[in-house]
Amino acid sequence: MIDTPVRARYQRRPWEETESVPPLLEVRNLRTEFRTGAGLVRAVDGISYAVDAGETVAVVGESGSGKSVGALSILRLIPSPPGRIAGGEVIFNGRDLMRLSDAEMREVRGGEIGMVFQEPMTSLNPVLSIGRQITETIEQHRGVDREAAAARALELLGLVGIADPQRRLKQYPHQLSGGMRQRVMIAIALACEPKLIIADEPTTALDVTIQAQILELMQSLTHRLGVALIVITHNLGIVARYAHRVNVMYAGRIVESGSAAAIYHAPRHPYTMALLKSVPRPDRPRQARLDPIEGSPPDLTRLGKGCAFRPRCRFAIERCASETPPLEPVGETGQSAACFRSHDVALTADRAA
Amino acid sequence: MSIAAPEAAPLVEVRGLKMHFPITEGVVVSRKIGEVKAVDGVDLTIRRGETLGLVGESGCGKTTMGRCILRLEKPTEGAIFYDGTDIASLGRKSLVALRRRIQVIFQDPYSSLNPRQKVGSILSEPMKVHGIEPDAARRDQRVRELLSLCGLDPNFADRYPHEMSGGQRQRVGIARALAVDPEFIVCDEAVSALDVSIQAQIINLLEDLREKFKLTYLFIAHDLSVVRHLCQRIAVMYLGHVVEMAECDELFDNPLHPYTRALLAAVPVPDPTIEALRTIQPLSGEVPSPINPPPGCVFHPRCPIAVADCQRTAPALRELRPGHWVACSQVG
């Protein structure tokens, strides 16, 4: 069905070939729920995926798909109540994060796993200087003295491309622009030489030219330092440029997972295919009307049996209403999809390509 | 400046528009200590029946431009001709009549609808203000028509905004703009807050309505892919100035101003094969403050092709190709 040059595009990356090395992070059947006035919301409903050392994995989905909650659950940052991690394992570097004590977990956060959030103004402390916020992390995790921490902070600001770092260290978050604050967040995330950084919509609040600066910086730093990156975004352009692997989420589940090339050029889930078709492209003259996904995402409190995408799906059959399709490997492109009709989707998608 | 095609007289013509906001100090006796030059000398035409895209990054003045054309702000200087009349200096009474012809759709469907008003009342209010359909039963009928026109169930008239999703609320915002039968609509980031799958629905709706009612849009947005899909012509703004203006495909395929080039290059394309082959050279630095804009060309501190003269002389818009206007002394 797929000729050789096409198949070459989907070839696994070098680090995926060494089967014996376990992944850096393995999420197994993770479930997170929230008790709300309207009922129980299964925000993350059994997701499993792996991240290899040095790899960039993107998690895409629309609001309410569970992409942020899934990432926060890895760090055990779910406010409880109303939230609760209802089950699953998160194996990071050989340990199950779900079984660690709170003190051990604090060591992991900001230490082995760095974090970058969407809104740098609210994730930085407004009354502490930039320098103090960086050195605090270093002292906490490394047990070094103030002087050594300060030297490291200076080095980090230089690393993330902040000019005149000596002066910036003494400044407060409100004195910095949005792009600059996000660079500081990246410096803090990198402070303790983490193996993994989780970035939740890191550039959504920024302008395009600043977004390009920040993302190019993150890409070059993670490559150079060998840090794995989980980037959560709704922007399909960012995913295409920066991700090695992609997880597409819908209503709390991963509906498709695979290499960026496979996901974009040969989608196997109707949602992925429809999503890609519904976005206007900046690089092509307009051809016709957009082809939107009709309807709206489901209300998670009223999710019944079967596939959550069924009411909006062109491929839906009777079976989709009674059974939930599992995420299974499909075809020769090395990806997995949670759809009973992924073979028919494949025929349609490949014909369109 | 006349770049409109001869057959279509411009609906809106903006000349030398400046909007400076004063910065004041002192509580009892306030005095001006400076000003924010949000819009600093803009010429622009909008042709009847077209969608003009106004793009740029935050703080470039695109929203202020829209607010001036809506006359929500009284411009500091310059003229705005709407269908031949200068509206920059119109008084209160004449403005009411004008606002029946010009409407607006805002970005945030959550904050632009009154949470205590039912959808039916939100849609009938503009009709009451402008004396359209004075009969209550006819007005309700029109509310139901407007709702179904915008792809909503007519029974939504009895709902409150919080009972609806973001996409549905944006449809109500569109229906409200249509209630008074306008000819010109300013869409200020009208699809930016919506999820991708909903965004496409609303874009299609806006296009259908434009064709059906022969509307003219000013589409203010920062998302260049949406703009490329929706607009016939595009004006790019930077720090209160229009730096480039051209037909849509011409601008995307052949950008001339260094800022436009950087802006277009910064947008990643949803195709990993294309992206793998492309290097991005991000623009260095950040947008300077509009309180104290750089002298000469406002873009010169970040410009990769700036020469010494750019610090002194502000370039005017020049027509380098038919219909393609650029404010840069170094291209062409």
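Where a number appears in this text, it was derived from the coordinates with a stated rule and is not lab data. These numbers come from a predicted model, not from an experiment. Heads up, the Cβs are rebuilt from the backbone with ideal geometry, glycines too, and the neighbour counts pull from every protein chain shown.
Near A:Arg99, once Lys and Arg are set to +1 and Asp and Glu to -1 for all other residues with Cβ below 12 Å from its Cβ, the sum equals -2.
Which percent, nearest 5, of DSSP beta bridges in chain A are antiparallel?
Working: 31 of 50 bridges.
Close to 60 percent.
Considering only A:Ala86, A:Gly178, A:Tyr242, the residue lying farthest towards the positive end of the dipole of chain A is A:Gly178, judged by Cα position with unit charges set on Cβ. Starting from region B:74-159, pick out the trypsin sites (Lys or Arg not before Pro) whose DSSP state is loop and whose Cβ has at most 13 other Cβ atoms within 10 Å. Answer by residue number: B:Arg116. Note on chain A: helix-only mean residue ellipticity at 222 nm, from DSSP H runs of 4+ residues weighted -39500 (n - 2.57) and normalised by residue number, equals -10000 deg cm²/dmol. Residues whose amide H falls under 5 Å from that of B:Val331, counting only those 5 or more places apart or on a different chain, are absent, with hydrogens built in the peptide plane. Over all other residues within a Cβ to Cβ distance under 12 Å of B:Ile280, the charged ones net out to +1, with Lys and Arg as +1 and Asp and Glu as -1.
Find, among the GluC sites (Glu not before Pro) in region B:185-215, those assigned to loop by DSSP (not H, G, I, E, B) with at most 15 other beta-carbon atoms within 10 angstrom.
Numbers: sites: B:Glu189, B:Glu207, B:Glu211; in loops: B:Glu189.
Within region B:185-215, no GluC sites (Glu not before Pro) qualify (loop, at most 15 other Cβ atoms within 10 Å).
For the listed peptides B:63-71, B:300-308, a ranking on the average number of other beta carbons within 10 Å per residue, highest first, reads B:63-71, B:300-308. Across chain A, C-alpha contacts under 8 Å between residues 6 or more apart give a mean separation that, scaled by the residue count, equals a relative contact order of 20 percent. Note that region B:28-45 has calculated 3J(HN,Hα) couplings of 7, 9, 9, 10, 7, 10, x, 8, 8, 8, 5, 10, 10, x, 10, 10, 7, 10 Hz, one per residue in order, obtained from phi through the Karplus relation 6.51 cos²θ - 1.76 cosθ + 1.60 (θ = phi - 60°); glycine and proline are x.
Phi angles of region A:298-310 translate, via the Karplus equation with coefficients 6.51, -1.76, 1.60 and θ = phi - 60°, into HN-Hα couplings of x, 6, 5, 7, 10, 6, x, 6, x, 6, 5, 8, 3 Hz per residue; Gly and Pro are given as x.
Tell me the mean residue ellipticity at 222 nm calculated for chain B from its helices only (DSSP H runs of n ≥ 4, each -39500 (n - 2.57), averaged over every residue, nearest 500).
Numbers: 10 runs with 100 residues, N = 332.
Value at 222 nm, helices only: -9000 deg cm²/dmol.
Please compare each pair in A:Lys277/B:Lys118; B:Lys37/B:Lys62; A:Lys305/B:Lys118; B:Lys37/B:Lys74; A:Lys67/A:Lys277 to a cut-off of 24 Å on the Cα-Cα distance and tell me which ones are over it. Walk me through the intermediate numbers first.
Working: A:Lys277/B:Lys118 35 Å; B:Lys37/B:Lys62 12 Å; A:Lys305/B:Lys118 34 Å; B:Lys37/B:Lys74 14 Å; A:Lys67/A:Lys277 21 Å.
A:Lys277/B:Lys118; A:Lys305/B:Lys118, as the Cα separations exceed 24 Å there.
If R0 is taken as 30 Å, the Cβ-Cβ distance between B:Arg31 and A:Tyr172 corresponds to a FRET efficiency of 0.60. Using the Karplus relation 6.51 cos²θ - 1.76 cosθ + 1.60 with θ = phi - 60°, the per-residue 3J(HN,Hα) values for region B:85-91 come to 9, 7, 8, 5, 10, 5, x Hz, with x marking Gly and Pro. Can you give me the angle between helix B:166-178 and the longest principal axis of chain B, using Cα atoms only, in degrees from 0 to 90, rounded to the nearest 10? Approximately 80 degrees, to the nearest ten.
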